[in-house]
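Student: Got a structure for you, written out below as structure tokens; questions coming shortly.
The values are calculated or read from the model by the stated rules, or taken from the named source; none is laboratory data. This structure is a prediction, so every number in the text was calculated from the model and none was measured. Positions of Cβ are generated from backbone atoms using ideal geometry, with glycine treated the same way; all protein chains shown enter the neighbour counts. In case anyone asks, the SASA skips ligands and DNA or RNA and just uses the protein heavy atoms, side chains included. Shrake-Rupley method; radii C 1.70, N 1.55, O 1.52, S 1.80 Å.
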Amino acid sequence: GEITEYVADEEDGTFGVFIFIGFAPQTKLFEDKLEMKYGYIFTDQNMRTNIPGVFAAGDCRDKILRQVVTAAGDGAIATVMAEKYIENEFEVEYNA
């Protein structure tokens with residue numbers, strides 16, 4: 001019930017906010033299906049999980065930095081890799 005107002009610096013006009021919502025990944029749906037540790041999904045550098053054709057991206061992954069910019073990069077990689085997986089008729093080398 002508390003309101004806080006922040007105003008950008010008049011000299012340079014810059015202002016930024018990063019809202020932290022916690023470290024609890026919402027991955028319960030994938031328990032006992034995907035390889036995980038403390039609720040975070042393991043992937044290789046190409047976002048592949050331990051199940052061929054299943055990719056994970058974003059803050060649900062086991063990684064050192066969890067921010068929107070890294071999640072967006074993960075999503076781009078996962079999209080390209082999923083496309084390659086489908087185009088190669090599911091015969092892409094799989095070393096997750």
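Student: Return the distance in nm (one decimal) between the two label points of a simple spin-label model at Thr79 and Asp32, each offset 7 Å from Cα along Cα→Cβ.
Tutor: Here the modelled spin labels are 3.5 nm apart.
Student: Right, next: For the stretch 28-89, report the accessible area per residue in Å² (1.4 Å probe, heavy atoms, rounded to an integer).
Tutor: Values: 4030 Å² over 62 residues.
Using a 1.4 Å probe on heavy atoms only, each residue of the stretch 28-89 averages 65 Å².
Student: Taking springs between alpha-carbon atoms closer than 10 angstrom, which of Ile77, Ile64, Ile51 fluctuates most in the Gaussian network model of the chain?
Tutor: Between Ile77, Ile64, Ile51, it is Ile64 that shows the largest mean-square fluctuation.
Student: Moving on. Just tell me which lysines come within less than 21 Å, Cα to Cα, of Lys37; anything on the same chain fewer than 8 places away is out.
Tutor: Candidates past the 8-residue exclusion: Lys28, Lys63.
Student: Could you check how much of the accessible area of the stretch 28-89 is carbon and sulfur, as a whole percent, using a 1.4 Å probe? Before the final figure, lay out each step's value.
Tutor: Working: 2320 of 4030 Å².
Answer for the stretch 28-89: carbon and sulfur cover 58 percent of the accessible area.
Student: What is the diffusion coefficient of the stretch 28-89 in µm²/s, taking the Kirkwood radius over Cα pairs and the Stokes-Einstein relation at 10 °C with a viscosity of 1.306 mPa s?
Tutor: Working: Rh = 11.8 Å.
The Stokes-Einstein estimate is 134 µm²/s.
Student: Describe numerically, in nm with one decimal, the distance between label points set 7 Å from Cα along Cα→Cβ at Thr70 and at Thr14.
Tutor: 2.2
Student: Give the angle, between 0 and 90 degrees and rounded to the nearest 10, that separates the Cα long axis of helix 68-87 from the longest principal axis of the Cα atoms of the chain.
Tutor: The helix 68-87 is inclined about 20 degrees to the chain.
Student: I want to verify a result. In a Gaussian network model of the chain, Cα cutoff 10 Å, which of these has the top mean-square fluctuation: Glu31, Glu83, Glu11?
Tutor: Maximum fluctuation in the GNM of the chain, among the listed residues, is at Glu11.
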